[in-house]
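**Student:** What follows is a single structure, and I will ask about it in a moment.
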Amino acid sequence: MQKLIVNGGQRLRGELALQGSKNSALPIMAAALLSGEECVLKNCPKLTDVFAASRILNCVGCKCTFSGNTAVISSENVSENTIPEELMREMRSSIIFLGAMLGRTGECTVCCPGGCELGPRPIDMHLAALKKMGADIKESFGRIICRVPGRAHGARISLPFPSVGATENIILCAVTAEGETVINNAAREPEICDLCGFLRACGAEISGDGESRIVISGKDRLHGCEYSIMPDRIAGATYLCMTAAAGGEIILTNACVQAMEPFLSVLEQTGCSIYTTENRIFLRSGSRLKAVSDRIRTMPHPGFPTDAQAVIMSALVTADGTSVFEENIFDCRYRHTDALVKMGADIQVLGKIAVIKGVEKLYGANVEATDLRGGAAMVSAALAAEGKTEISGISHIDRGYEKVEEAVRRLGGSIKRV
Ligand code: EPU
């Protein structure tokens, strides 16, 4: 079992080019299935979740290969309609292949992605929408068997909540469906726009992405393309929080500044100096951070992102004053707080609320990552802490951060993988 060993207390300083976005790469890889030709994806992050997506593509008959940060996906052949359980379980977001497979072959069997470290993650909205588009769905013994007799058809779909995954699955099924699909209360996350940008490059007709009403006109065929995946706004938030927590200066290049505004406006309240240009972010963290006086409420985009909740908390645990979080997206997204408390933080959690009273100092400890962003928060806290921290469970971190230890070392942090 691998661990990260961090010796805290060093200021960070340096320049880092942001990796491509995990949460864009995954649906875009599923979307490549629909092209029926070769797609070249640049700026594709090398992550265990991305490799899991490539195994799914290879398993259904496509060919996915990597050369550096370029993925080449050939989807001329799709010969298999079942995604095996072990691949579904490897990555919860594999459910995103459902809409793409229905669009491509009209048939797909998956297993329930199940509950996970963030609490229950139902897929009721995905299935209800696909049914409206003509899919016949049967669930038996944990398997979901979906078939569209003939071709899926357009529909008017109003989501009860702007689910990212459900919006993506509907778009994936709709781009080759017959007629027009309208999604009301669609997710507005930047990664939805990136998926639509890719699909448009493949010939799809989509408008309204980035707004809450998306309109898709189904096409008979799509084609291959070359596309560059957007930078990862959550990895960006993470490296900024690490520098804010440990103190120092960072320049993020290849950054998606506009997409990060909801996060940056909160981080700025901690007293860090932040300057941005179109695709660069400079942050300086000098003296002790200030607590954030307004409650930090996680909300769908353009609200504060749930994926950045844990990492900004890792910086606020040593801020001057009390900060309050309200986690509104997932039921169980405070599991990192036990580790932060073990390192000396003062955190009280009650349901969706977490109250953080800033302490003077954190101390190194042995902690275990239980989810991706929580694990990143532990690395950040460890960089700010006095002494040595050993972090186990780091396979969670590898799902979303490309060589996290190399990035931190480039900034002057003392970290190694053993
Ligand atoms: N939900 C339902 N029913 C559904 C779908 C969602 O009740 O059919 C609920 C979920 O249980 C959750 C909420 O709606 O409470 C939001 O879920 P959403 O569908 O928006 O999230 P997701 O598609 O499962 C993506 C990201 C997550 C990110 C969320 C919210 C990917 C691969 N995953 O998940 O990213 O937190 O959107 O922004 O895009 C991460 O990167 O660490 C991560 C967890």
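The values are calculated or read from the model by the stated rules, or taken from the named source; none is laboratory data. These numbers come from a predicted model, not from an experiment. Cβ atoms come from the backbone with ideal geometry, glycine included; neighbour counts cover every protein chain shown. Surface accessibility is based on the protein's heavy atoms, side chains included, excluding ligands, DNA and RNA. Shrake-Rupley method; radii C 1.70, N 1.55, O 1.52, S 1.80 Å.
**Student:** By per-residue mean of other Cβ atoms within 10 Å, what is the highest-first order of 334-340, 103-109, 310-316? Walk me through the numbers on the way to the answer.
**Tutor:** Details: 334-340: 22.3, 103-109: 20.7, 310-316: 28.4.
The peptides rank, most packed first, as 310-316, 334-340, 103-109.
**Student:** From the protein chains alone at 1.4 Å, what is the descending order of accessible area for Phe325, Phe51, largest first? Before the final figure, lay out the partial values.
**Tutor:** On the way: Phe325 0, Phe51 75 Å².
Reading off the accessible areas and sorting them downward yields Phe51, Phe325.
**Student:** OK, next. Taking Cα atoms, how many degrees apart are the long axis of helix 233-246 and the longest axis of the chain, rounded to 10 and kept between 0 and 90?
**Tutor:** Once rounded, the angle reads 10 degrees.
**Student:** Any idea what the relative contact order of the chain is, in percent, if you count C-alpha pairs under 8 Å spaced at least 6 apart?
**Tutor:** In percent, rounded to a whole number, it is 21.
**Student:** Take peptides 347-355, 193-201 and line them up by average Cβ neighbours within 10 Å, highest first, as a rough protection proxy. It would help to have the intermediate numbers written out before the result.
**Tutor:** On the way: 347-355: 14.4, 193-201: 22.6.
Listed from highest to lowest mean packing, they are 193-201, 347-355.
**Student:** When DSSP assigns beta bridges and you keep just the ones with both residues in the stretch 268-418, what percent turn out antiparallel, to the nearest 5? Numbers along the way, then the final one.
**Tutor:** On the way: 14 of 22 bridges.
Antiparallel: roughly 65 percent of the beta bridges in the stretch 268-418.
**Student:** For Arg11 and Lys357, what is the calculated FRET efficiency with R₀ set at 22 Å and r taken between the beta-carbons, to the nearest 0.05?
**Tutor:** Details: r = 24 Å, r/R0 = 1.11.
With R0 = 22 Å, the Cβ-Cβ based efficiency is 0.35.
**Student:** How much length would be gained if the chain were fully extended between Thr253 and Ser79, taking 0.36 nm per residue of separation minus their Cα-Cα distance, in nm to one decimal? Don't jump to the answer; show the numbers that get you there.
**Tutor:** Working: separation 174, 0.36 × 174 = 62.64 nm, distance 4.10 nm.
Extra length available between Thr253 and Ser79 comes to 58.5 nm.
**Student:** Tell me the relative contact order for the stretch 22-228 as a rounded percent, counting alpha carbon contacts under 8 Å between residues six or more apart.
**Tutor:** On the way: 468 pairs, mean separation 43.5, N = 207.
21 percent.
**Student:** Under a 1.4 angstrom probe, counting protein chains only, how are Met242, Met125 ranked by accessible area, largest first?
**Tutor:** Values: Met242 0, Met125 40 Å².
Ranking Met242, Met125 by accessible area, largest first, yields Met125, Met242.
**Student:** If you don't mind, there's one more thing I want to ask. Working out 0.36 nm times the residue gap between Leu350 and Thr70, then minus their Cα-Cα distance, what length gain in nm do you get to one decimal?
**Tutor:** Values: separation 280, 0.36 × 280 = 100.80 nm, distance 4.40 nm.
Full-extension gain reported as 96.4 nm.
**Student:** Before I look further, what does the stretch 112-230 give for accessible area per residue, probe 1.4 Å, in whole square angstrom?
**Tutor:** 42 Å²
**Student:** Specify the angular offset, from 0 to 90 degrees and rounded to the nearest 10, of the alpha carbon long axis of helix 48-59 from the longest principal axis of the alpha carbons in the chain.
**Tutor:** Once rounded, the angle reads 20 degrees.
**Student:** Arranged from highest to lowest average of other beta-carbon atoms within 10 Å per residue, in what order do the peptides 225-238, 68-81, 370-383 appear? Don't jump to the answer; show the numbers that get you there.
**Tutor:** On the way: 225-238: 23.8, 68-81: 16.7, 370-383: 28.3.
Result, highest mean Cβ count within 10 Å first: 370-383, 225-238, 68-81.
**Student:** Bins of 5 Å, beginning at zero and ending with the bin holding the largest distance: percent of Cα pairs per bin for the stretch 22-228, please.
**Tutor:** 1, 8, 18, 22, 23, 17, 9, 2, 0
**Student:** Rounded to the nearest 0.05, what FRET efficiency do Arg156 and Ser287 give with R0 = 35 Å and r taken as the Cβ-Cβ distance? Could you check?
**Tutor:** Details: r = 54 Å, r/R0 = 1.54.
That pair, Arg156 with Ser287, gives E of 0.05.
**Student:** Just to be sure I understand: if I project the alpha-carbon convex hull of the chain onto a plane and average over all orientations, what area do I get in nm²?
**Tutor:** On the way: hull surface 71.8 nm².
For the Cα atoms of the chain, the hull's average projected area reads 17.9 nm².
**Student:** Using a Debye calculation, one point per C-alpha and no hydration shell, please list log10 I(q)/I(0) for the stretch 158-208 at q = 0.17, 0.24, 0.27 Å⁻¹ in order.
**Tutor:** -0.46, -0.92, -1.16
**Student:** Let me ask another. Over the stretch 296-418, what relative contact order in percent results from Cα pairs under 8 Å that are six or more residues apart?
**Tutor:** Values: 222 pairs, mean separation 27.5, N = 123.
In percent, rounded to a whole number, it is 22.
**Student:** Looking at the chain only, what percent of DSSP beta bridges run antiparallel? Nearest 5 please.
**Tutor:** Details: 56 of 79 bridges.
Bridges in the chain that DSSP calls antiparallel: roughly 70 percent.
**Student:** Please give the length that would be gained between Ile274 and Glu180 if that part of the chain were fully extended, namely 0.36 nm times their separation in residues minus their C-alpha to C-alpha distance (nm, one decimal). Intermediate values should be presented prior to the final figure.
**Tutor:** Working: separation 94, 0.36 × 94 = 33.84 nm, distance 4.34 nm.
Taking 0.36 nm per residue and subtracting the Cα distance, the gain is 29.5 nm.
**Student:** Oh, and also: Please compare each pair in Lys42/Lys138; Lys219/Lys352; Lys46/Lys388; Lys22/Lys131; Lys63/Lys403 to a cut-off of 32 Å on the Cα-Cα distance and tell me which ones are over it. Provide the component values of the computation, followed by the final result.
**Tutor:** Working: Lys42/Lys138 37 Å; Lys219/Lys352 43 Å; Lys46/Lys388 28 Å; Lys22/Lys131 28 Å; Lys63/Lys403 25 Å.
Listed pairs above 32 Å: Lys42/Lys138; Lys219/Lys352.
**Student:** Assuming a ≥ b ≥ c are the square roots of the Cα gyration tensor eigenvalues, decide whether the stretch 358-418 counts as rounded (a/c under 1.5), prolate (otherwise, with a/b larger than b/c) or oblate. Let's see the in-between values first.
**Tutor:** Working: a/c = 1.75, a/b = 1.27, b/c = 1.37.
Oblate shape, in that a/c is at least 1.5 and b/c is the bigger or equal ratio.
**Student:** Further question: What part of the accessible area of the chain, given as a whole %, is carbon or sulfur when the probe is 1.4 angstrom? All intermediate terms of the calculation are to be shown ahead of the outcome.
**Tutor:** Details: 7420 of 16070 Å².
On the chain, the fraction of accessible area on carbon and sulfur atoms equals 46 percent.
**Student:** Could you check the spin-label model distance between Val418 and Met1? Points 7 Å from the Cα along Cα→Cβ, value in nm.
**Tutor:** 1.5 nm
**Student:** Whose amide H sits under 5 Å from the amide H of Ile144, counting only residues 5 or more places off or on another chain, with H placed in the peptide plane?
**Tutor:** Under 5 Å from the amide H of Ile144 lie the amide H atoms of Val110, Cys111, Cys112, each far enough along the sequence or on another chain.
**Student:** Here's a follow-up. Helix 190-201 sits at what angle to the longest principal axis of the chain, using alpha carbons and giving 0 to 90 degrees rounded to 10?
**Tutor:** Around 40 degrees separate the two axes.
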